[in-house]
Amino acid sequence: MDSWVRLLLLVACLFPALVECRVRHYKFNVVMKNSTKLCSSKPIVTVNRKFPGPTLYAREHDTVLVKVVNHVKYNVTIHWHGVRQLRTGWADGPAYITQCPIQSGQSYLYNFTITGQRGTLLWHAHILWLRATVHGAIVILPKRGWWKSDTEAVINQALQSGLAPNVSDSHTINGQPGPISSCSSQGGFTLPVDSGKTYMLRIINAALNEELFFKIAGHKLTVVEVDATYVKPFKTDNIVIAPGQTTNVLLSADKTSGKYLVAASPFMDAPIAVDNVTATATLHYSGTLASSATTLTSTPPKNGTAIANKFIDSLRSLNSKKYPAKVPQTVDHNLLFTVGLGVNPCPSCKAGNGSRVVASINNVTFVMPTIALLQAHFFNISGVFTTDFPGNPPHTYNFTGTPTNLQTSNGTKAYRLAYNSTVQLILQDTGIIAPENHPVHLHGFNFFAVGKGLGNFNPKKDPKKFNLVDPVERNTIGVPSGGWVAIRFRADNPGKQIVNTIDGSSLNQSIFGSLIH
């Protein structure tokens, strides 16, 4: 059986054995579909008329062919979030970075091979805010979100006004928010289980903005994998998961009967407006009457930093003989990126009093090109991007304090990395406007999270505390509010790769392009 939860695309499943090294064919028709949520109906963009979209199954070393046909008025691309894309950068999916978008009435064939990965990842649209409803799970077997309004209208209004986007009306689990005060008749997702069995739940945060807590009343969860990499197993009451991250847990159905609440609630430890509605589902033991009372649970506080840190600090790579943690012990490129917001002039932004809130990395706000960066690099097209992205902040100040100059520079810039070089990247949050958590995704690579802390990174003291033995391996990480994280990776995937923030509060994505040659 298989059942997967959205936002949390949560899956409990037993998979049949499949032939190794297959070529797997999928067809994604991007179409509109009327959907009713929160006692309100509206058309949404979907893949194959499904929300969440279809699950893509593959086995390690399989080749995957996905033909995407665009039947809607919006331009579309699909990003295979976390797939390494070794030598297949054309298939990565970010619009105007590795490809031009698929226009209405057109199609594109994505062709890539799953190499050295197993576990749970996700796919989603990678242009504008279409990923609010255009997303689904990727399940890699080892060798033998929701708004009542139109999400595109939400982000377009924000870009025009210069202000932050409105928050959503609810979170969802497998496309269902569960009963809430404004719509008590709204149904919720039900996960059926049999007493005595153990289930693997594949949990995906497909939300646009918020980090989320996830828990099940009366049950412990055993964490075994994150972002398609194995971890040392540990038990927990709560998991915390950032947008774009995945977590596999084992659930022991150790009760004889009953119904138990499943809850997904926001984590935000900064003074930032978030959707504070908890999405709920039900864990339903077979044989339990539908009219039986549900065992409830309390969710962590919205600003539950200690709970979140306890979970994050428990994550360690498996680091076994079969699955070693190949952490770079020496560093060729030592980079420091400040991640945050800025305020730039915008004469047409009347609601913003002539200014616009923008995102930036090292004070550079990304300008979307009209020619894909990989295309420009491959065909040697000049004038599309420059290679002068700063490896360190152009101005040093108290990053977590409040600077006097809020303006950023604009540009389409890349940073050159030699093939197979090693990189240490410090991602530092800033206090410009307000400190906040920023989920950051590195396309085309996994990395090791070797350290984190609050305040400003101290290059003399903090590296002494780095974990270079068994740090967790990921493709997406949350930069803590008012703090920093340190990651290390090897630049072993030639082409045009990007680091991008994926929180919608920043209005447009901050993108750092790395040119590996």
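Of note, T297 satisfies the criterion of being under 24 Å from L261 (Cα atoms) and either surrounded by fewer than 20 Cβ atoms within 10 Å (Cβ to Cβ) or among the acidic types (D, E) (or both). If you go through the stretch 184-207 and keep only what is open to solvent by 10 Å² or more (accessible area, probe 1.4 Å) and of a type in the set (A, V, I, L, M), you end up with just M200.
Looking only at residues that are β-branched (V, I, T) and more than 21 Å from E60 (Cβ to Cβ) in the stretch 224-246, which one is surrounded by the fewest Cβ atoms within 10 Å (Cβ to Cβ)?
T236
Working only within the stretch 377-394, note down all residues that are touching a Lys or Arg at 6+ places or on another chain (Cβ under 7 Å) and assigned to a loop (DSSP other than H, G, I, E, B). F385, T387, D388, F389, listed by residue number. Checked across the stretch 316-337, the condition of being within 20 Å of the chain's Cα centre (by Cα) and open to solvent by less than 60 Å² (accessible area, probe 1.4 Å) holds for at least one residue.
Testing E473 on (1) open to solvent by 10 Å² or more (accessible area, probe 1.4 Å); (2) modelled with pLDDT under 95; (3) among the acidic types (D, E), one condition comes back false. Which one is that? Here E473 clears every test but (2). When restricted to residues that are under 25 Å from the mean Cα position of the chain (by Cα) and open to solvent by less than 20 Å² (accessible area, probe 1.4 Å), the stretch 362-398 contains 9. The sole residue among Y260, Y199, Y230 that is among the aromatic types (F, W, Y), outside any loop (DSSP other than H, G, I, E, B) and farther than 16 Å from T282 by Cα is Y230. Only a single criterion out of (1) at pLDDT below 95; (2) under 19 Å from G304 (Cα atoms); (3) in contact with a Leu (Cβ under 8 Å, 6 or more places away or on another chain) is not satisfied by D237, namely (1).
Residues in the stretch 66-74: is at least one out of contact with any strand residue (DSSP E or B) (no Cβ under 6 Å at 6 or more places or on another chain) and either assigned to a loop (DSSP other than H, G, I, E, B) or modelled with pLDDT of 95 or more (or both)? Taking every residue of the stretch 66-74 in turn, at least one turns out to be out of contact with any strand residue (DSSP E or B) (no Cβ under 6 Å at 6 or more places or on another chain) and either assigned to a loop (DSSP other than H, G, I, E, B) or modelled with pLDDT of 95 or more (or both). Any idea which of (1) more than 26 Å from G340 (Cβ to Cβ); (2) surrounded by fewer than 17 Cβ atoms within 10 Å (Cβ to Cβ) is the one N276 doesn't satisfy? For N276, the failing item is (1). Considering the stretch 233-248 alone, what residues qualify as being among the aliphatic types (A, V, I, L, M) and assigned to a strand (DSSP E or B)? Residues satisfying the conditions are I239, V240, I241. The strands (runs of 3 or more DSSP E) found entirely in the stretch 395-448 that carry 3 or more residues being more than 25 Å from P271 (Cβ to Cβ) are 409-411, 414-417, 422-429. Within the stretch 308-324, is even one residue of a type in the set (K, R) and over 30 Å from D269 (Cα atoms)? So far as the stretch 308-324 goes, yes, one or more of its residues are of a type in the set (K, R) and over 30 Å from D269 (Cα atoms).
The values are calculated or read from the model by the stated rules, or taken from the named source; none is laboratory data. Fair warning: this is a prediction, and the values are worked out from it, not measured in the lab. Cβ: placed from backbone, ideal geometry, glycine included. Neighbour counts: every protein chain shown. To get the accessible areas, we keep the full protein, side chains included, count just its heavy atoms, and leave off ligands, DNA and RNA. Shrake-Rupley method; radii C 1.70, N 1.55, O 1.52, S 1.80 Å.
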